[in-house]
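Values in this text are rule-based calculations from the coordinates and carry no lab data. Here the structure is a predicted model, which is why all the values come from computation and not from measurement. Virtual Cβ from ideal backbone geometry, glycine too; neighbours counted across all protein chains shown.
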């Protein structure tokens, strides 16, 4: 585990903090309105910790993919996306890259986090079991209320326990210690908790507290939730009850019973008692929400929740929902033959000559990769039962065109014969960055003459007029990981690289024009050879990769 693996959590906390700040700003002008409105704002801040913005961004991306062809993402949407994710995960390393020993700090922090979650779960389970025991030991009382009322010998305050089938627990003897009017006010308060389903919303925030126990903002939100929850119930009670009677009832409950609010229970003595009694006695007029404020909250909520979806829509890359009709404008073969290969042999070959393409015993999936110049990790979707079937393809162009034009023609052939439909998308994954070595590059620049070539041998790469981006593509094919050129080196070079081959290395079958050369068994690894022979190095990090996703493909009709 590396520090890069913690970047998603850091970004999520950052986004949730900004969202909580927005809720606080929205709550400020609503101080004279109903407490229930402010409670919903703080509840939204709590739920945000369980809902990463990345899910909403993904929903926007998927919506764009299904609804319409993609458009180029505007600069503002990319900037907003970067601001929402300020912590880079670029240091995350795939296991194949040689590097110094990773810091143990992230693993230690992960262990501490998990221990805290376990402690939190055990604490709430203990509280729940205590309340279950109190409920089982309680005896029913005859009250005309919509939920069962039980009398408990446990010294606790009145409170509602349970979510699906709540019950009201009252301490023994409370009917003798409170005046009828005071008891009626207390019962109205508890029934307000039942109608509002406060135990359910409290359980949601308990989940947030267990998962993010280390984050002080979560506990601050809890204080706001309890305060506004009790104020909301108080406002409902004061509509039908004298403030002095209600305040005396709460004080008597505190005097005879609870010293602190109970866990897992919506009680009557929550929040700051002194401030609460002062507020009850003042009995300020509570203003209902005006149409303007309702519209303001609606627009603000739409922007906060819809913003990530819009980012997903706007960051959808170009080239989506490609179809045979769109490929029809490309070049095509003069003559082409497509036949299933029934030999049952393993391995396939792709050979090109000017104006000619021959594919022997290659699966449809491999043909698609060759046509688009993809590595295995860049192709997703489709139907394995069709794509894994091998084919023989022989095709001839009208003129002696090169490999690049032949691959464009192969795309059109796949669209016409195999009814290939696809879309492109960008995905961040573990990969490698090609960088300049510490002592500078060791390359042999040449003047481009249009005769460039490259050849991949077993443990070797050789070529003339090879650009560094092209070298990155070749390395990606050999390693099976994305390789992005970050050297900023321009021009073309004569390349010769030899190393001890990795028996588990992944090669692109579309590039299997290998020489018979075999590298020295005692030679260096590819990473060491790259540094020693070319003055370049590979560094592990998360990199953006263009993905081709197959939407539809089918077996070809007979020639």
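For residue 528 and residue 399, FRET efficiency with R0 = 51 Å and r from the beta-carbon atoms, rounded to 0.05? Let's see the in-between values first.
On the way: r = 45 Å, r/R0 = 0.88.
For residue 399 and residue 528, the calculated efficiency is 0.70.
Can you give the FRET efficiency to the nearest 0.05 for residue 14 and residue 130, using r as the Cβ-Cβ distance and R₀ = 35 Å?
On the way: r = 37 Å, r/R0 = 1.06.
About 0.40, to the nearest 0.05.
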Once you place label points 7 Å from the Cα toward the Cβ at residue 455 and residue 215, how far apart are they in nm?
5.8
Placing each pseudo-label 7 Å from Cα in the direction of the beta carbon, residue 154 and residue 107 end up separated by a distance in nanometres of 4.3
Chain lengthening between residue 33 and residue 204 when straightened (0.36 nm per residue, less Cα-Cα)
59.1 nm
Multiplying the sequence separation of residue 546 and residue 274 by 0.36 nm and subtracting their Cα-Cα distance, what value in nm do you get?
91.8 nm
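At a temperature of 10 °C and a viscosity of 1.306 mPa s, determine how fast segment 114-270 diffuses translationally according to Stokes-Einstein, using the Kirkwood radius over alpha-carbon pairs as Rh; express D in µm²/s, rounded to the nearest whole number.
Numbers: Rh = 16.2 Å.
My calculation gives 98 µm²/s for D.
Please report the antiparallel percentage of DSSP beta bridges with both residues in segment 114-270, rounded to the nearest 5.
Details: 8 of 12 bridges.
DSSP beta bridges in segment 114-270 are roughly 65 percent antiparallel.
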With contacts defined as alpha carbon pairs under 8 Å and 6 or more residues apart, what's the relative contact order of segment 114-270 in percent?
31
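Grab the Cα-Cα distance for residue 167 and residue 342, subtract it from 0.36 nm times how many residues apart they are, and report the gain in nm with one decimal.
55.9 nm
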Hull volume in cubic angstrom per residue (convex hull over the Cα atoms of segment 324-421)
95
